[in-house]
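Asker: One structure coming up, written as structure tokens, with questions to follow.
Read-outs: derived from the displayed coordinates by stated rules, not from any lab. Keep in mind that what you see is a predicted model, and the values were worked out from it rather than measured. Cβ: placed from backbone, ideal geometry, glycine included. Neighbour counts: every protein chain shown.
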Amino acid sequence: MSSPIPSSKAGARAQLSNGGVDLLLEVIDGAPVIRYWGASFKGEASELLFDRSIANSDFDAVTNPGMMREHSRGHLGYPTIKGHRAGLDWSTKFSVKEFKSDKSSFQIQLEDKDAKLILDISASLDQFGVLKVSQEITNLGDTYFLDELNYWMPLSDSATQSLDFVGRWSNERNPQRRDIAIGRYVRDSHEGRPGHNSTIGMIALEKETNFASGQSWALSLAWSGDSQYCIEKNYEGSASISAGEVLLPGEVILEKGQSYRAPDLFALYSSAGLDGLSSNMHKHLRARSVHPKTPRPMTLNLWEAIYFDHNEEKIRKIVDKAAEAGFERVVLDDGWFGSRRSDLSGLGDWQVSKEVWPSGLGSLANYIRDKGMEFGLWFEGEMVNPDSDLYRLHPDWILKVGNRVGPTWRHELVLNLDNQDAYNYVLNSVDKILTQYQITYIKWDHNRVLIDAGSNNRAAVRKQTQGLYRLFAELKKRHKNLEIESCASGGARIDLGIIDLVDRFWTSDNNDALERARIQRWSAQFIPPELLGTHIGADPGHQTGRSISISFRALTALFGHAGVERDITQLSSSELAELKSWITLYKAKRKLLHSGDVIRIDYPKDSHYLHGVIASDKKSALFSFSCLETSPESHPPRMRIRGLDSDRRYSVKVLSGGQKSNFMAIEPPIWITTGLELTGSELENIGLSAPILRPASALLIEITAL
Ligand code: DGJ
């Protein structure tokens, strides 16, 4: 029988409200409980709203473990905190000691007097509905072994599905969506870096949620080491979502007075579909003081153009063409240093190779700059080849346990950034090169996973991650205009921890536009397009071997921080002219592309992608309609584009892709050649008649307010 026993003694209460999101927090029997996290509501949210039945075979009163999820409070699922003091103080019961809140933030201090632990939790909800939470635990007693400190947020029972991303090298960010069932669903990373398989964040959503509508809730941990995300639904039927750093055994041992600050958490909610969720995150990131403010330069990365074949004469020819085509940045990739003529040796020897660059990098850097472009350089500072002078001199500088040297990966071992000498060596070597050649852009790679990652035999993934953050911060301090690209064998280090220290992510080594379209689409779920490196690759592509036209490659690359990754001296003059026109277009449109709202249309067929960017004043937009594969029906569904002003009239014009060779049809719809004028409402409800495109071809559609 249910009984109306009040579920709590009234305590402090905070109602955060910002950016269309409300969060109701209440202190119940000493524990902070998030009663509600979702769309803004009107009203007082009376206590009785939350009263529940007492079921058979259950505690005699409603339990409310809330954010703390402690056994001592009757919580039977996965906990917030795991730790002990040599077997003691394993079960905690924290109580709120201090509680402060206003309309958009709260700060709580909890204490467990018996366990001699303090926990500080604070959160702020910004005008975009993004909640940023921090947690720090302090030990007031004898040595305390912390195993885990997780963030937990309650999920509405409308959230019946989860969405996360999986992948591997050259095939990152494949979405997987499934029903939330009773039990724990965990996505974790143990690579010492997020990894190609990293999900970036975990999303819970309604069954009906699509890009355009429906509710979703998401967590993303600001961390570049090991992490875990989890959705847990208990037998009572309630579900929660969590994120936390994965700590290796003994990685955090707190002596009296010491603290562990967990990586910050981003908690997102939107009632406007997955696009609403990404729009909130993009706006939050764009509002940061460190967000790149200058136009994102058209980049030529030389990796796939030359690989390890560093030959100044050859590179100068590429640079000549780059200047002709309108590039703004040229990046010299792997192979310029030490004995690095292949990936077998030289990594760690950060001195310019006399063999391939007899008079240093200066003449190339100046050559590039004289042509009005920026010179960028590749590093992989955390790694070392066993066949290198550095390793021969300092074999003890690697992460290891005992005398064990773990298996190499791409012929590399990992330097221990917790070793001050190793750290200083990397910092000073990179600093020296940056100073010597006045370098303002570096691509920083991280090609392998961390295993047996010990420093003085103690687990050190956390310290390694913090070491890298320190290193980047110091390099940026010493070189005021330095930009850093976070690359890890493609997109294996894309996360909200490193984001404040970097200016670009290398999205994937896969430059096949057909596959990249998906990788970009889902990477943009959390990361705004101006931070995602998107390159036009060679033909045939070096990863999939597929032949794809420059225009389809370019149109795909346009929707990010665009660049090229091929030997452009091999292009015919008409191909170079075509590339040049794409570069001109990118420059003309990047302001819109890098500041507007990303819109992914729920196109009825998986064979096509319809997506674009709408300016914040809704006066202009650019959309791409691309055919990924042929479909059994002749006519693809209409292109219904949402997000513009319904009452405003717009002109619609095909900017690219309208040529006959792109169509599998006798005649495409007339509007493709004539353009047309219509209202935002017509565009959304009636939509444009879609042409029958050949696979791997696309239309670029410009929409301008009249
Ligand atoms: C992996 C990166 O993803 C590539 O772009 C390139 O920089 C190579 N490493 C160089 O070794």
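Asker: Counting each DSSP H run of 4 or more residues in the chain as -39500 (n - 2.57), what helix-only mean residue ellipticity at 222 nm follows after dividing by all residues, to the nearest 500 deg cm²/dmol?
Answerer: Calculated mean residue ellipticity at 222 nm is -5500 deg cm²/dmol.
Asker: Please tell me the relative contact order of the chain in percent, rounded to the nearest whole number, where contacts are Cα pairs under 8 Å and at least six residues apart.
Answerer: After rounding, I find 10 percent.
Asker: With a 10 Å radius around each residue's Cβ, average the other Cβ atoms per peptide and rank 495-501, 283-289, highest first.
Answerer: Going from most to least packed, we get 495-501, 283-289.
Asker: Given an 8 Å cut-off on Cα distances and at least 6 residues of separation, report the relative contact order of the stretch 599-705 as a percent.
Answerer: Once normalised by length, the contact order is 37 percent.
Asker: When the C-alpha atoms of the stretch 1-137 are aligned to their principal axes, what extent does each axis show, in angstrom, from largest down?
Answerer: Each principal axis gives a Cα extent; for the stretch 1-137 these are 45, 41, 23 Å.
Asker: Among C230, C487, what is the fewest-to-most ranking by other Cβ atoms within 10 Å?
Answerer: C230, C487
Asker: Now for a separate question. Express in nm, to one decimal, how much length is gained between R410 and A45 on full extension, taking 0.36 nm for each residue of separation and deducting their alpha carbon distance.
Answerer: Value of the extension gain: 125.7 nm.
Asker: I've got another one for you. Between beta-carbons, use under 12 Å as the cut-off and find the net charge around D188, counting Lys and Arg +1, Asp and Glu -1.
Answerer: Net charge in that neighbourhood comes out at -3.
Asker: Any idea what log10 I(q)/I(0) is at q = 0.09, 0.13, 0.14 Å⁻¹ for the stretch 13-286, Debye with uniform C-alpha scatterers and no solvent?
Answerer: Cα-only, vacuum Debye calculation for the stretch 13-286: -0.41, -0.88, -1.04.
Asker: I need to check one value: relative contact order of the stretch 13-286, counting alpha carbon pairs closer than 8 Å and at least 6 residues apart, in percent.
Answerer: 18
Asker: What three numbers, in Å, describe the spread of the alpha carbons of the stretch 245-298 along their principal axes, ordered from the longest?
Answerer: 47, 33, 21
Asker: Let a ≥ b ≥ c be the square roots of the eigenvalues of the Cα gyration tensor of the stretch 523-667; is it rounded (a/c under 1.5), or, if not, prolate (a/b larger than b/c) or oblate?
Answerer: oblate
Asker: Quick check: convex hull over the Cα atoms of the stretch 374-530, volume per residue in Å³, rounded to an integer?
Answerer: 127
Asker: Moving to a separate point now. With a Förster radius of 45 Å, plug the Cβ-Cβ distance of N403 and E355 into 1/(1 + (r/R0)^6) and report the FRET value to the nearest 0.05.
Answerer: Calculated value: 0.85.
Asker: Could I ask something else about it? Based on a Kirkwood Rh over C-alpha pairs, give the Stokes-Einstein translational diffusion coefficient of the stretch 469-593 at 25 °C and viscosity 0.890 mPa s in µm²/s.
Answerer: It comes out at roughly 160 µm²/s.
Asker: Follow-up. Please rank I241, I494, I182, fewest neighbouring Cβ atoms within 10 Å first, as an exposure proxy.
Answerer: Least crowded to most crowded, the residues run I182, I241, I494.
Asker: Between R478 and R392, what is the label-point separation in nm under the 7 Å Cα-to-beta-carbon projection?
Answerer: Calculated label separation equals 2.6 nm.
Asker: Compute the normalised compactness of the stretch 349-412: alpha-carbon radius of gyration over 2.2 N^0.38 Å, N being the residue count.
Answerer: Dividing the Cα Rg of the stretch 349-412 by 2.2 N^0.38 Å gives 1.54.
Asker: Under the rule a/c < 1.5 gives rounded, and otherwise a/b versus b/c splits prolate from oblate, where does the chain land using the Cα gyration tensor?
Answerer: Oblate is the answer for the chain, as a/c is 1.5 or above yet b/c matches or exceeds a/b.
Asker: Loop only by DSSP, 11 or fewer other Cβ within 10 Å of the Cβ. Give me the trypsin sites (Lys or Arg not before Pro) in the stretch 87-120 that pass, ordered by residue number.
Answerer: Sparse-neighbourhood loop trypsin sites (Lys or Arg not before Pro): K103.
Asker: Along the Cα→Cβ direction, 7 angstrom out, place labels at E312 and V186. What is the inter-label distance in nm?
Answerer: Modelled inter-label distance: 5.5 nm.
Asker: What's the extension gain from R546 to S289 if we count 0.36 nm per residue and subtract their Cα-Cα distance?
Answerer: 88.4 nm
Asker: Rounded to whole Hz and in sequence order, give me ³J(HN,Hα) for the stretch 305-313 from the Karplus expression 6.51 cos²θ - 1.76 cosθ + 1.60, θ = phi - 60°, writing x for Gly and Pro.
Answerer: Result, rounded to whole Hz: 7, 10, 6, 8, 8, 7, 9, 4, 4.
Asker: Quote to one decimal, in nm, the extra length available between E629 and D102 on full extension: 0.36 nm per residue of separation minus the C-alpha distance between them.
Answerer: That pair, E629 and D102, stretches by 184.5 nm at full extension.
Asker: Can I ask one more? Out of residues 5 or more away from L332 or on other chains, whose amide H comes under 5 Å of its own, with H placed 1.01 Å from N in the peptide plane?
Answerer: Amide H to amide H, under 5 Å and 5 or more residues apart or across chains, L332 pairs with G376, L377, W378.
Asker: Still on this model: As an exercise, identify the GluC sites (Glu not before Pro) in the stretch 292-365 lying in DSSP coil whose Cβ has no more than 12 other Cβ atoms within 10 Å.
Answerer: Those that pass, being in a loop and sparsely packed, are E355.
Asker: Calculate the radius of gyration of the Cα atoms of the stretch 599-705 to one decimal place, then report Dmax, the largest Cα-Cα distance, as a whole number, both in Å.
Answerer: 12.9, 39
Asker: Here is a follow-up. So for the pair I686, I670, with labels modelled 7 Å out along Cα→Cβ, what separation do we get in nm?
Answerer: The answer from the label model is 1.3 nm.
Asker: Now for a different question. How many percent of Cα pairs in the stretch 283-363 exceed 19 Å?
Answerer: Value for the stretch 283-363: 49 percent of Cα pairs lie more than 19 Å apart.
Asker: Can you put W582, W90 in order, fewest other beta carbons within 10 Å first?
Answerer: Taking fewest neighbouring Cβ atoms as first place, the list is W90, W582.
Asker: Continuing with this model, one more query. Nearest 0.05, what FRET efficiency do E236 and L88 give at R0 = 25 Å with Cβ-Cβ as r?
Answerer: 0.25
Asker: Also, quick follow-up: Pop out the Kirkwood hydrodynamic radius of the stretch 87-203 from its pairwise C-alpha distances, inverse of mean 1/r, in Å to one decimal.
Answerer: Here the Kirkwood hydrodynamic radius works out to 17.5 Å.
Asker: Once you've got the Cα coordinates, tell me which of K371/K432; K293/K432; K314/K580; K256/K480; K42/K619 are over 31 Å apart.
Answerer: Pairs exceeding 31 Å: K256/K480; K42/K619.
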